[in-house]
Amino acid sequence: MSRLTTDWNLGTAGDDIYAALVEAHRGLSEEEARRLDARLILLLANHVGDAETIREAIAQARRGLGK
Amino acid sequence: MARYQYQPFDYVPPPELSDGKGRRHPVAIVGAGPVGLALAIDLALHDTPCVVLDDNNVVSVGSRAICWSKRTLEIFDRLGVGERMVAKGVTWKVGRLYHRDREVYSFDLLPEAGHKNPAFINLQQYYVEQYLVERAREFPRLIDLRFRNKVVAVAQDAAGVRAEVETPDGRYRVEADYLIACDGANSPIRRMMNVAFHSRIFEEQFLITDIEMKADFPSERWFWFDPSFHNGQSALLHKQPDDIYRIDLQLPADADPEHEKKPENVIPRIKAVVGDRPFEIDWTSLYRFQCGRIDRFVHDRIIFAGDSAHVVSPFGARGGNGGIQDADNLAWKLAAVLAGKAPPALLETYNEERVHGADENILNSSRSTNFMTPKTAFEQALRDEVLSLVGDHPFARRLVNSGRLSLPCSLAGFALQSDDDPELAGATAPGDACADAPVRDEAGRSGWLLDRLGTDFVLLTFGAAMPRQDLRQIVIAQAPVAGAATLIDTGGLAAQRYGAVEGAAYLIRPDQHVAARFARPTPGRISAALARACGRRG
């Protein structure tokens, strides 16, 4: 059974969160942006806490790359 | 269907020039566009005379604003022109989004029944202006419409406003208690007063074209990200009355406007969208969008409304609709101040409430434009991956942003609104625009709640009457209530949409926003809320 939520879970904050992600990258070099993304992923992964959910998210994210 | 026939309005020499006598007007409105005309009609409904000065003598050339929201139609209903607009307009509520050539998402802006007005109509601005002018002319005693009257200078002091007006017969002076600048995005009044406009300009250009074409496209808003027919850009198709279709095409930032506007360059782009059907170009315009506003909308006795005060990109239909809400918010306040029923400070609440509304519109339309025109590599990737996730991941659909369509903002927390009653939850709370619902009157006639609210303060009570001398009252109930005008809540939708309990009371402002609500009203609490809503607080 899937543990990963793919239905809408952002309440009314979807556009706010999207804008915050864009804003967070403003003015960063490519290298800095990659570091930011890595830090974000680690923080959010720790918050999720469940290894199976995280593995499923990784698999679904990779699938879109054709890998 | 013949194309729109532009009928110039007659210029009438102003009486000041024939008899040489000055006249003082309570209100001078500069600009006879949708906002200025709506304001003039609303003032007339409040028995407040005005003079409307417009430098031109014809309605909007080209369709320009076309999407009119449910809230605007409710305001137009109050002004007496809503039904005519809806009858002529193309009603729609569904938007479809395509990525490349695949449909990825559709949304329904009004999925429930039991509302008089649709989510949106599309109606060319020239019809909206024509209908508003014709409605304004039904108030010959109160609305003095003056075409080809161009304001060339303006000055104010504590006593009033003076405007120098140029006409084909020469110059004269208009004096007024208040002057309302509804003179558009390039507002000459704003320039004369040196009021700074702070805006962000988007580099990308958009080619906006109206074509006349016979087609059986449904009444829906179709939006494409990266369609094969318009590579790497976005496109929007919208149906209007008279077999007119609006097509917006994003162009690269470095496109040459003069080159792109030439029919031989426009026609192949349109053909790529609509296929081989015959069509004729009705109107073309090339835009770089801006989002921004002036700091304050109220400058003592000179007040800005509509595009003169704020501009947005068109994705979300927040320009014209935002302007109509300005007029809706301002008219009753201006009338109350001029009649001595409220202190001049009430006008400051127009500033705070509509600056807030403008900021919400600017934020939403900027975000939509950002989504369409990513600026950085990360933004491009984020946008593209949202579009790539939508097929299998339902959450991503709601992140796709082709325009968050105009909704009235909440006025909660501003000076005129009382705090919500903790005993009432959700639904129509203080600050919200009133919800509509089907009702029946005591004679058994079916109708709509919003049509019954009128154009002044009204107390809406549920189940029981609470008669007052200073306030019209409507009781919503399942059966007629003795001693009060009752509306029968046929489907129980009114109580549901207001989150009301038996005995609750809602104080409704003249612009049909909720000022206060009480689960257990008392005459004292209602009096306090009414004083506060009129700007007579403390």
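The values are calculated or read from the model by the stated rules, or taken from the named source; none is laboratory data. Here the structure is a predicted model, which is why all the values come from computation and not from measurement. Using ideal geometry, Cβ is built from the backbone for each residue, glycine included, and neighbour counts are taken over all protein chains shown.
Against the definition (surrounded by 18 or more Cβ atoms within 10 Å (Cβ to Cβ) and either modelled with pLDDT under 95 or more than 14 Å from chain A (Cβ to nearest Cβ) (or both)), how does B:A327 come out, yes or no? Taking the combined requirement at face value, the residue satisfies it.
In region B:1-31, what count of residues is obtained for those that are over 18 Å from B:V152 (Cα atoms) and of a type in the set (D, E)? Number of matching residues: 2.
Within region B:282-307, the set of residues being surrounded by fewer than 24 Cβ atoms within 10 Å (Cβ to Cβ), under 22 Å from the mean Cα position of the chain (by Cα) and not in a strand (DSSP E or B) comprises B:D295, B:R296. For region B:371-387, what are the residues that are out of contact with any helix residue (DSSP H, G or I) (no Cβ under 8 Å at 6 or more places or on another chain) and small (G, A, S)? Across region B:371-387, the qualifying residue is only B:A381. Count of region B:491-538 residues, restricted to those that are polar (S, T, N, Q) and part of a helix (DSSP H, G or I), is 2. Candidates B:D77, B:D19: the one that is without any contact (Cβ under 8 Å) to a residue 12 or more places away in the chain and assigned by TED's automatic domain parsing to the domain that holds B:F139 is B:D19.
Here is a yes/no grid of residues against (1) hydroxyl-bearing (S, T, Y); (2) without any contact (Cβ under 8 Å) to a residue 12 or more places away in the chain; (3) more than 24 Å from B:G391 (Cβ to Cβ); (4) out of contact with any Pro (no Cβ under 9 Å at 6 or more places or on another chain):
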{"position": "A:L4", "(1), (2), (3), (4)": "no, no, no, yes"}
{"position": "A:N9", "(1), (2), (3), (4)": "no, yes, no, yes"}
{"position": "A:G14", "(1), (2), (3), (4)": "no, yes, no, yes"}
{"position": "A:Y18", "(1), (2), (3), (4)": "yes, yes, no, yes"}
{"position": "A:G27", "(1), (2), (3), (4)": "no, yes, yes, yes"}
{"position": "A:A33", "(1), (2), (3), (4)": "no, yes, yes, yes"}
{"position": "A:A38", "(1), (2), (3), (4)": "no, yes, yes, yes"}
{"position": "A:L44", "(1), (2), (3), (4)": "no, yes, no, yes"}
{"position": "A:E52", "(1), (2), (3), (4)": "no, no, no, yes"}
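Just one residue in the set B:R190, B:R146, B:R171 is in the same structural domain as B:V30 (by TED's automatic domain parsing), at pLDDT 95 or above and farther than 20 Å from B:C50 by Cα; that residue is B:R190. Can you name the residue in region B:26-49 that is of a type outside the set (V, I, T) and touching a Pro at 6+ places or on another chain (Cβ under 7 Å) and is also nearest to B:Q156 (Cα to Cα) among such residues? Here the answer is B:P26. Can you spot a residue in region B:260-278 that is in contact with an Asp or Glu (Cβ under 7 Å, 6 or more places away or on another chain) and within 29 Å of B:N361 (Cβ to Cβ)? No; the residues of region B:260-278 include none that is in contact with an Asp or Glu (Cβ under 7 Å, 6 or more places away or on another chain) and within 29 Å of B:N361 (Cβ to Cβ). Does B:R3 satisfy the condition of being at pLDDT below 95, under 30 Å from B:D210 (Cα atoms) and either out of contact with any helix residue (DSSP H, G or I) (no Cβ under 8 Å at 6 or more places or on another chain) or crowded, with 24+ Cβ neighbours inside 10 Å (or both)? Yes: the conditions hold for B:R3. Residue under question is B:I247, and the condition is that it be within 23 Å of B:E352 (Cβ to Cβ) and either part of a loop (DSSP other than H, G, I, E, B) or in contact with a strand residue (DSSP E or B) (Cβ under 6 Å, 6 or more places away or on another chain) (or both); does it hold? Judged against the criteria, B:I247 is not a match. Against the test of being under 22 Å from the mean Cα position of the chain (by Cα), hydrophobic (A, V, I, L, M, F, W, C) and under 30 Å from B:P278 (Cβ atoms), the options B:I180, B:I189, B:I208 yield a single qualifying residue, B:I208.
Just one of the numbered conditions (1) on the phi < 0 side of the Ramachandran plot; (2) under 26 Å from the mean Cα position of the chain (by Cα) is not true of B:D242: (1). For region B:442-454, the count of residues that are surrounded by 20 or more Cβ atoms within 10 Å (Cβ to Cβ), part of a loop (DSSP other than H, G, I, E, B) and in the same structural domain as B:D489 (by TED's automatic domain parsing) is nonzero. Taking the criterion of being part of a helix (DSSP H, G or I) and among the basic types (K, R), the residues of region B:254-271 that qualify are B:K261, B:R269, B:K271. The set of residues in region B:491-512 that are surrounded by 15 or more Cβ atoms within 10 Å (Cβ to Cβ) and over 13 Å from B:A427 (Cα atoms) comprises B:A504, B:A505, B:L507, B:I508, B:R509, B:P510, B:D511, B:Q512.
Of the helices (runs of 4 or more DSSP H) lying entirely inside chain A, those carrying at least 1 residues that are more than 25 Å from B:R397 (Cα to Cα) and facing chain B (nearest Cβ under 10 Å) are A:30-48.
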